[in-house]
Amino acid sequence: MKRNWNNDKTSELIEAILSLKDAKEIKSFLRDLLTEDEINEFGKRWEAARMLAVGVPYSEISKAVGLSSRTVARVAQWLNKGEGGYKLALKYQKK
């Protein structure tokens with residue numbers, strides 16, 4: 001059975017993040033919410049998305065970032081056919 005990630009609990013989580021004032025507050029919140037390994041994994045996925053967006057090959061990303069080729073492929077799938085979140089964040093970071 002597939003679980004729906006878009007629900008009241010995740011909406012409340014997003015609202016909590018949006019209520020924070022700056023990067024320092026968000027960093028504190030994420031550290032309380034997630035383990036160090038989870039935060040580091042998210043950072044690796046974000047780096048992979050940034051590298052994919054500029055055309056770096058999967059194998060180079062996997063070596064450089066320390067992700068499995070399967071995870072890099074998953075990030076590529078979300079980057080290209082996901083909800084558009086990676087692309088929005090990449091767009092806003094360029095500004």
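The values are calculated or read from the model by the stated rules, or taken from the named source; none is laboratory data. Since the model is a prediction, treat every value here as computed from it, not as a measurement. Positions of Cβ are generated from backbone atoms using ideal geometry, with glycine treated the same way; all protein chains shown enter the neighbour counts. Please note that ligands, DNA and RNA were not included when accessible areas were found on the heavy atoms of the full protein model with its side chains. Shrake-Rupley method; radii C 1.70, N 1.55, O 1.52, S 1.80 Å.
Observations on the model:
- Within region 84-95, considering residues that are of a type in the set (D, E, K, R) and at pLDDT 95 or above, the one nearest to the chain's Cα centre (by Cα): K87
- Of all residues in region 13-36, those being part of a helix (DSSP H, G or I), open to solvent by 70 Å² or more (accessible area, probe 1.4 Å) and either of a type in the set (K, R) or under 21 Å from L88 (Cα atoms) (or both) number 8.
- Residues (surrounded by 11 or more Cβ atoms within 10 Å (Cβ to Cβ) and more than 24 Å from K94 (Cβ to Cβ)) located in region 68-84: S69, T71, A73
- Verdict on V65 being surrounded by 12 or more Cβ atoms within 10 Å (Cβ to Cβ), without any contact (Cβ under 8 Å) to a residue 24 or more places away in the chain, assigned to a loop (DSSP other than H, G, I, E, B) and not acidic (D, E): no
- Qualifying residue in region 37-53 (condition: over 21 Å from K87 (Cα atoms) and surrounded by 13 or more Cβ atoms within 10 Å (Cβ to Cβ)): no
- Cβ-Cβ contacts under 7 Å between residues 6 or more apart (or on different chains), taken from a first residue in region 27-49 that is under 21 Å from K9 (Cβ atoms) to a second residue that is assigned to a helix (DSSP H, G or I) and of a type in the set (V, I, T), are listed as F29/I17; L30/I39; R31/I39.
- Taken as a whole, the structure leaves V56 outside the set of residues that are in contact with a helix residue (DSSP H, G or I) (Cβ under 7 Å, 6 or more places away or on another chain) and either surrounded by 11 or more Cβ atoms within 10 Å (Cβ to Cβ) or not in a helix (DSSP H, G or I) (or both).
- Among the residues examined, N4 does not qualify as over 22 Å from Y92 (Cβ atoms) and assigned to a helix (DSSP H, G or I).
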